[in-house]
Amino acid sequence: RSRARVTMATPIGDNVVVVDYDDDFFKAGYCIPERDPQVVLPTAVRRPGEGAEIFRPIASRQVQDWDQLESLYAHAFYRQLGWVEGDEGAVLVSEPLFTSRADRERLAQTLFESFNVSGLYVAEQPVLALYGLGKTSGVSVDVGYAVTDVAPVVDGAVVAAAARRTEVGSRDVAHALGGLLGDAGARLSEAQLDAARDAACLVDSRPRERLRRGTGDEKDENDDTNDTNDTKTERLDARLPDGAEISVPPRARRMCAEAVFFPARFAALAGCSALAGGPSVWTFDKKKETYGVSDALVAAMHACTPEQRLACLDAVAVHGGWAGGAGRAAGLDARVLGDLEDALPPSARPMGAGAPEHMPLGAERHAAWFGGALLGKVVFAQNHHVSRFEYHENGPGAVTKRF
C-alpha cells in the first residue's frame, strides 16, 4: 500500500496538517489556529461486508487496529483536506501520554510508507493543550471519552514522574445518567446518552459530604434543598438531535457527573443494577483503584517539587471534547479547581487556564489541536521535524531519536 516517493511540489509550510484524536473523535486540519479544525470525524470505521457493525481503532487512547486508523487518515487527508497523491504534505501529530516507543515508530512507518508524507513532528498532548490556551507551564487535565490524563507541564516539558492516568471519562457520565434514568435510560442508544449528558448534566461546585464518606441516603439525594448550586435544580424536558424526547429529574442531573469524581463508589450510590453490571470502571478493586479526576489532579500536584507545583498552579487547564464544551458550561472546571484548592494549603491558590480572547469560542474542546496548529508554524519552518529523507535513511527509529 506504499505510495510512490516523489518530490513534493507544494512548499511544506503551506501544507502542514495537524492531527489529534481520542477514543471518540478524530480531528485534523491545516495549521490555521484562528479557526476550528476542518475535519472532526468519529473515531470509528464500518468494515465493508460485515453488516452495520462499527469498529473503533482507538481504546483508552491506545491504538488497537492500525489498519483501521490508517483508513481514517486516508479519508481525512485525501477526501476531506484535498491532498493529492504525489503531493502529500507534512503532519504534526498530537501524541497521548504514555504512548510506547513501538507505537510511535509504527505511527511514523504508517505516515511515511503508506502516505509518503514530506515530514513528521510528534508532540505530547498535554504540552500542545497548554500551548493552545496560551501557556507553556501549567497542569493539563484532559478529560477524554474513556480516560482522563493529568500532566504537569513546566516550560514546555511534561513532568513525567507526576503524570497520572485514570480510567474515567465523559462516557462514564453518560452511562451514569442512563443508569439514573432507569428503564428510560436503558432504551437510549450510546449517541442518545451522549446527547442527553450534554443537555442535562450539572456539576456541583463542591462535593457532598455523603459522597466523601462513600455512603448514600436516598432521602438526601432526592431532596433538592441539599443541592450545592446557588439555585434549585429543575427537571429538564428536552428533545435530542434525533427527535427523541427525554425527561431528566434533578437528582439525575446533579449526580451523573459524580461518576468522574467518585468512580469506585458511584454504582452503590446510584442504586441502579444497570450500573453495577456495567463497565469495569465501576468495580472497586483494591489492587487497581480508579482515581476520580480531582484525586488524580491532587496526586499529580503532590508528586511535583515545590517549584514545579508553584509553576503549574497558575494555569490549571481542564479540557477535552466534553470537558471543554458542555462539561465546562455545566461547571466541571470550577469543581475541579475547587477540589484542588481544598486539598492544598491556604497559601496555594490554583488558577484556571481559559482560552485567550483571540482564540475561537470553545477552544478548550480542541485545545491540543490548536496548540499543534500554533507549533506547526514554527517547527517545520525551522526544520525540527523528521524529513522524508531522514526517515528513509534511518528507518522508524528516526522519530524516537528526534523526539
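The values are calculated or read from the model by the stated rules, or taken from the named source; none is laboratory data. Here the structure is a predicted model, which means the values were calculated and not measured. All Cβ positions, even for glycine, are placed from backbone atoms using ideal geometry, and neighbour counts span all protein chains on display. When the accessible area is computed, the model is the full protein with side chains, heavy atoms only, and any ligands, DNA or RNA have been set aside. Shrake-Rupley method; radii C 1.70, N 1.55, O 1.52, S 1.80 Å.
General remarks:
- Across the range 377-397, the number of residues qualifying as in contact with a His (Cβ under 9 Å, 6 or more places away or on another chain) and touching a residue at least 24 places away in the same chain (Cβ under 8 Å) comes to 1.
- Flag if Q109 is touching a residue at least 60 places away in the same chain (Cβ under 8 Å), out of contact with any Lys or Arg (no Cβ under 8 Å at 6 or more places or on another chain) and surrounded by fewer than 20 Cβ atoms within 10 Å (Cβ to Cβ): yes
- Every residue from the range 342-374 that is in contact with a His (Cβ under 9 Å, 6 or more places away or on another chain) and either open to solvent by 50 Å² or more (accessible area, probe 1.4 Å) or among the basic types (K, R) (or both): R365
- Every residue from the range 124-159 that is surrounded by fewer than 24 Cβ atoms within 10 Å (Cβ to Cβ) and touching a Leu at 6+ places or on another chain (Cβ under 6 Å): Y131
- Residue selected from the range 375-401 under the condition part of a helix (DSSP H, G or I) and loosely packed, with under 14 Cβ neighbours inside 10 Å, by the criterion nearest to the chain's Cα centre (by Cα): V378
- Helices (runs of 4 or more DSSP H) wholly inside the range 300-348 that include at least 3 residues being more than 26 Å from D172 (Cα to Cα) and out of contact with any Gly (no Cβ under 6 Å at 6 or more places or on another chain): 306-312
Yes/no matrix, rows are residues, columns are (1) open to solvent by less than 40 Å² (accessible area, probe 1.4 Å); (2) modelled with pLDDT under 95; (3) in contact with a Gly (Cβ under 6 Å, 6 or more places away or on another chain):
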{"position": "A28", "(1), (2), (3)": "yes, no, no"}
{"position": "Q38", "(1), (2), (3)": "no, no, yes"}
{"position": "V45", "(1), (2), (3)": "yes, yes, no"}
{"position": "P48", "(1), (2), (3)": "no, yes, no"}
{"position": "I54", "(1), (2), (3)": "no, yes, no"}
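- Cβ separations smaller than 6 Å between residues 6+ apart or across chains give the following pairs from the range 77-103 residues that are within 20 Å of H384 (Cα to Cα) and open to solvent by less than 10 Å² (accessible area, probe 1.4 Å) to residues that are part of a strand (DSSP E or B) and among the small types (G, A, S): A90/G119.
- Flag if A162 is more than 22 Å from D23 (Cα to Cα), open to solvent by less than 40 Å² (accessible area, probe 1.4 Å) and not acidic (D, E): yes
- D339 open to solvent by 10 Å² or more (accessible area, probe 1.4 Å), among the acidic types (D, E) and within 18 Å of the chain's Cα centre (by Cα): no
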